[in-house]
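Okay, so here's the structure we're looking at.
Readers should treat all values here as calculations from the given coordinates under stated rules, not as data from a laboratory. As the structure is a prediction and not an experimental result, all values here were calculated from the model. All Cβ positions, even for glycine, are placed from backbone atoms using ideal geometry, and neighbour counts span all protein chains on display.
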Amino acid sequence: MYRILIVEDDAIIAKTMEKHITSWGYEVKCATDFKDVLSLFVAFDPQLVLLDISLPFYNGYHWCSEIRKLSKVPIIFISSASDNMNIIMAMNMGGDDFIAKPFDLSVLTAKVQAMLRRTYDFAGQTNLFEHKGAILNTSDATLTYQGEQTDLTRNEFKILKMLMENCGKIVTRESLMTMLWETDSYVDDNTLTVNVTRLRRKLEALGLADFITTKKGLGYEVT
């Protein structure tokens, strides 16, 4: 089931869209806190965003820009400000399509279905892991924190992903080495230490010192 996030401050329009899109079998969530749309985006991890331009606190262009720092998820702008300048701005900010208000719900659904089909029929879906503001994007092996982003090597990414999937739990060194070996990237005990050390340096460079804790004689933990 595809997840669709609606960022629209007109409650009547938002609920109308939510009801209609849900009837087609999609999981839909409407933003209510327009000061922090990004936190909802990360938590919900949608496959498509329907985004109004005129919003309280920050406009849709701002949130499109913030989402684009983390994800390539398709974004469809929906706005009554449908002059050429706004349409061009929406596309330049990273939008994938534009629907002018007022619109027919059947047209909205058709555009949503077409966008999902083009994006995901032949591509994997995006998944985000978040912990203490650090966001790991599994689609491109990047880590983002406070607007700064770093690329991870294959081993660094797989180590961090396994640790973030098990937040609050100790992941043994043996488990990490087995996981890396099963993905045809065999590492011995010393190589694992080197990979974790390099990963920690990248985390520290982003401002995430002590993000990974060593449990002596056991393994590692993200808490």
Exercise. Determine, for Leu51, Leu218, the number of other Cβ atoms within 10 Å of each Cβ, and report the residues in order from fewest to most.
Key: Leu218, Leu51
Quiz item: Around Ile78, which amide H atoms from residues at least 5 apart in sequence, or from another chain, sit under 5 Å from its own amide H, with H modelled in the peptide plane?
Solution: Leu51, Asp52, Ile53, Ile99
Exercise. Could you state the angle between the C-alpha long axis of helix 189-205 and the longest principal axis of the C-alpha atoms of the chain, as a value from 0 to 90 degrees rounded to the nearest 10?
Key: 40
Practice problem: Note the full-extension length gain between Thr150 and Ser175 as 0.36 nm times their separation in residues minus their Cα-Cα distance, in nm to one decimal. | Solution: 6.5 nm
Quiz item: Among the lysines, which fall within straight-line cross-link reach of Lys111, defined as a Cα-Cα distance under 25 Å, with same-chain neighbours fewer than 8 residues apart omitted?
Solution: Lys15, Lys19, Lys29, Lys69, Lys72, Lys101
Practice problem: Taking the Cβ of each residue in Cys167, Cys30 as the centre, tally the other Cβ atoms inside 10 Å and list the residues starting with the fewest. | Solution: Cys167, Cys30
Quiz item: Dividing the convex hull volume of the Cα atoms of the range 128-222 by its residue count, what figure in Å³ per residue is obtained?
Solution: 87
Quiz item: Computed on alpha carbon atoms, what radius of gyration and Dmax characterise the range 1-81, expressed in Å?
Solution: 11.6, 32
Quiz item: Counting only DSSP beta bridges with both residues in the chain, what percent are antiparallel, rounded to the nearest 5?
Solution: 55
Quiz item: the range 195-222 to the range 32-67: how many Å between their Cα centroids?
Solution: 31
Quiz item: Between Glu221 and Gln113, how many nm apart are label points set 7 Å from Cα along the C-beta direction?
Solution: 5.0
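Provide the FRET efficiency to the nearest 0.05 for the Tyr120-Thr191 pair, computing r from the beta carbons and using R0 = 41 Å.
Values: r = 36 Å, r/R0 = 0.87.
Computed FRET efficiency for Tyr120 and Thr191: 0.70.
Given that compact globular proteins tend to follow 2.2 N^0.38 Å, what is the ratio of the alpha-carbon Rg of the chain to that value? Can you show the working numbers first?
Working: Rg = 20.1 Å, N = 223, 2.2 N^0.38 = 17.2 Å.
For the chain, the normalised Cα radius of gyration is 1.17.
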Quiz item: How large is the Kirkwood hydrodynamic radius of the range 39-110, in angstrom, based on all distinct alpha carbon pairs?
Solution: 12.5
Exercise. Return the subset of Lys132/Lys215; Lys35/Lys132; Lys158/Lys202 for which the Cα-Cα distance in this structure is over 24 Å, preserving the input order.
Key: none
Quiz item: Once label points are set 7 Å from the Cα along Cα→Cβ at both Asp33 and Lys72, what is their separation, rounded to one decimal in nm?
Solution: 3.0
